[in-house]
Amino acid sequence: MQLFAARAFDPPGDIPALRKQVRALVAAHEHRWTLEQRTNNWFTFDAEFSRAMGAAGLVGMTWPKQYGGHERHSLERYVVLEEMLALGAPVGLHWIADRQTGPLLLRYGTETQRQKYLPGMARGEIYACIGLSEPNAGSDLASVRTAARRTPEGWRVNGQKVWTSGAHHCHAALTLVRTEEGSQRHAGLSQLMIDLDTPGITIRPIVDMTGTEHFNEIFFEDVLLPLDALVGPEGDGWKQVTAELALERSGPERYLSCHALLAALIDAVGPEPDDATAQAIGRLTSELWTLRQMSMACAAKLAAGEDPNVEAALVKDLGNAFEQELPRVVQSLITDDLADHGDLARLTAWLLVASPSFSLRGGTPEVLRGIIARGLGVR
Amino acid sequence: MSEAREPLTDMAEGLFGDLAGQDFAAAWPRLTEAGFETLLVPEAQGGFGGDWGDLAVLLKIAGAKRLGLPLAETVIARWLLAKAGIDAPDGLITFAAQTHRAPWGRHAAAVIVQSADGCALYPAAACTWDHGRSPAGEPRDALTLTGDPLVTIATADDLATLLGFARVAEGAGALEAALTLTVDHVSTRVQFGKTLSQFQAVQQALALLAEEAAALTIAANGAAVALDGWEQGLGALAGALPLFEIAAAKARLGLAVDRGVPIAHRLHGAIGFTMEYPLNHLTRRLMGWRSEFGGDATWQRKLGRLASAGGSKALWETLTARSDSLIPQG
């Protein structure tokens, strides 16, 4: 029973030159970044770098030129992403706009919405977040209760979102709301593109266990939005949200979160590691190489216009397990005290504490395995 | 990919299934007649003209169909001899590579021996064998040479590496087949008034098995395309055997067996532990293949040293330059 077919990764253009461009851009900015920021890079915010990426044509790469995009191939974008992640460049500010919100507006948004948001997003200047989870709607996303009522003045929104990554730095939140009063589960949901400076919105950061403020609560109290904040047809929210998930699950961010630590281990032990260390590095490299092959195959399937829903769940579950194991493997090998100031100790300490987050963003292991089981026909 | 891959796989699906479980003397001539032996020999030299991707697909089918025959060994041997311009003798040609036991050595017409002294082809008459058996019960024989070689073979390639690749491809087929058996079993077996597949705990365990099967399939494919890139002399893959990819894939086989095999057995209960039920013919091979031509420690260390040799920056540059070499140039 085969769930995962191999596929050639075949972007057009000069890929080595594209990698060189990205590496040079990172080299020009990296003096600003701490070690911890570099390993937490898709949650680290550096507006100067996001704008530099925009200016270099590396945000909104696949979007039409009329909206500020560059009409590059999605696999060229994949190459840029994996380089940014492997090199530890902070891409957190524009990450969601580039990966999800922009493409979703291109697919479902009105012309006004596209004109309003996309060019700024592609310049690396307009940032977006995703308002999905609520206090009582996490893995069970269909139980969202935040309500938007259509009134003659516009949409009236009341409710609360939580775990919204980066909201405190973002201009807009694509928000899943219940637009049909009394509707249940997947029906009656819609997405609204909400400017976060609208009166009635309160954003409160939640300090996570690393001590970082990256996710937030968003409160909506009688927030009045124009009727054209609605994205796509009313009632299509669930369809829009699930269409995004493969984009969110199969990318290189699902196995490269701890790459900086593998790199630090390699650099700390030098070119001739002892047997035990060589073995650990080899084991981790074997998983890294395999996950990269899998992630690239998923990207190729997406690029061909197909939906790698099950493959994406496989990559994310295996990738998260690998990322979470990596700091534990390194910890078991090294003799450094975790309070030491060296790169290896600092990264190990940081990633041990940060790694529980890897399996919660984009679907828990149990949710992902449920999707895989459905792919196997047993659910 | 060679154009003939589809008819090739159709034929393999049928034949390998028929031959599974038959003894060597009965099965081997049928495999030979079908022409699989010369898969990698160029057409100009009278062979099939296939590539490593074709071999991977064929070996995956062999693994899934529980074909207990030295197909990989004879295909790789004939490729090597053709490359060296040596006429291959008829019959099974197997390998005594370094200190590894020779698969089906006792049945071989000739043996390619590779050691620190070089590489040569020996006739059966020059060999005595210490018979051994793999966990799956297949012949794995240790060679003592008692005569002279037919011919020496000039090769820079480590043959155990190529045979290690073959085990990954076979393993990918076997683990996928174990997944299929397991899905079928839990979907039909009723306990506590419902099929086992309706229990969430069972679904979650099945998903983990599917992840390992998928990873191994992709690893086998990744190693095969690297081998094809190497033979075509593409970019960073030109030169020495693609040790990086094969080491990574063989090490991944170790992890996949370690994690996947126990799940397949656990979900089968006692039925999976019987000789009659087919699962053991897959899992005993997987357990054995994990060690053959270098086990976890060997390949993990080799890969770890390759990954460390130039520092971390070089590792990423190597990974990307090697896969970029495979991108078709429009």
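Results, tabulated for the structure shown:
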item: Test result for B:W289, within 23 Å of the chain's Cα centre (by Cα) and closer than 25 Å to B:Q22 by Cβ; result: yes
item: Boolean, B:G272 is buried (at least 19 other Cβ atoms within 10 Å of the Cβ), more than 14 Å from chain A (Cβ to nearest Cβ) and more than 20 Å from the chain's Cα centre (by Cα); result: yes
item: Test: residue in the stretch A:175-189 that is under 28 Å from A:S50 (Cβ atoms), in a strand (DSSP E or B) and open to solvent by 10 Å² or more (accessible area, probe 1.4 Å); result: no
item: Search result, residues across the stretch A:280-299 that are open to solvent by less than 10 Å² (accessible area, probe 1.4 Å), at the interface with chain B (Cβ under 7 Å from one of its Cβ atoms) and of a type in the set (S, T, N, Q); result: A:T285, A:S286, A:T290
item: Residue that is of a type outside the set (S, T, Y) and in a helix (DSSP H, G or I), where the choices are A:A313, A:A339; result: A:A313
item: Some residue of the stretch A:201-222 being over 23 Å from the mean Cα position of the chain (by Cα), hydroxyl-bearing (S, T, Y) and within 30 Å of A:V91 (Cβ to Cβ); result: yes
item: Selected residue (criterion: surrounded by the most Cβ atoms within 10 Å (Cβ to Cβ)) from residues of the stretch B:2-33 that are of a type in the set (G, A, S) and in a helix (DSSP H, G or I); result: B:A12
item: Counted residues, the stretch B:34-48 - those being open to solvent by 60 Å² or more (accessible area, probe 1.4 Å) and not in a helix (DSSP H, G or I); result: 2
item: Pick from the stretch B:192-227, criterion within 8 Å of chain A (Cβ to nearest Cβ) and in contact with an Asp or Glu (Cβ under 7 Å, 6 or more places away or on another chain), ranking: most open to solvent (accessible area, probe 1.4 Å); result: B:Q204
item: A:T364 being touching a Pro at 6+ places or on another chain (Cβ under 8 Å) and in contact (Cβ under 8 Å) with a residue 40 or more places away in the chain; result: no
item: Candidates A:I218, A:I203, filtered to the one that is touching a helix residue (DSSP H, G or I) at 6+ places or on another chain (Cβ under 6 Å), at pLDDT 95 or above and either crowded, with 20+ Cβ neighbours inside 10 Å or of a type in the set (G, A, S) (or both); result: A:I218
item: Failed criterion for B:L279 (all others in (1) open to solvent by 30 Å² or more (accessible area, probe 1.4 Å); (2) in contact with a Gly (Cβ under 7 Å, 6 or more places away or on another chain); (3) touching a residue at least 60 places away in the same chain (Cβ under 8 Å); (4) more than 9 Å from chain A (Cβ to nearest Cβ) hold); result: (1)
item: Complete set of residues in the stretch B:65-78 that are in contact with a Leu (Cβ under 8 Å, 6 or more places away or on another chain) and not in a loop (DSSP other than H, G, I, E, B); result: B:L71, B:A72, B:E73, B:T74, B:V75, B:I76, B:R78
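The values are calculated or read from the model by the stated rules, or taken from the named source; none is laboratory data. Note that this is a predicted model, so its numbers are computed, not measured. Using ideal geometry, Cβ is built from the backbone for each residue, glycine included, and neighbour counts are taken over all protein chains shown. Heads up: the accessible areas ignore ligands, DNA and RNA and are worked out on the full protein's heavy atoms, side chains in. Shrake-Rupley method; radii C 1.70, N 1.55, O 1.52, S 1.80 Å.
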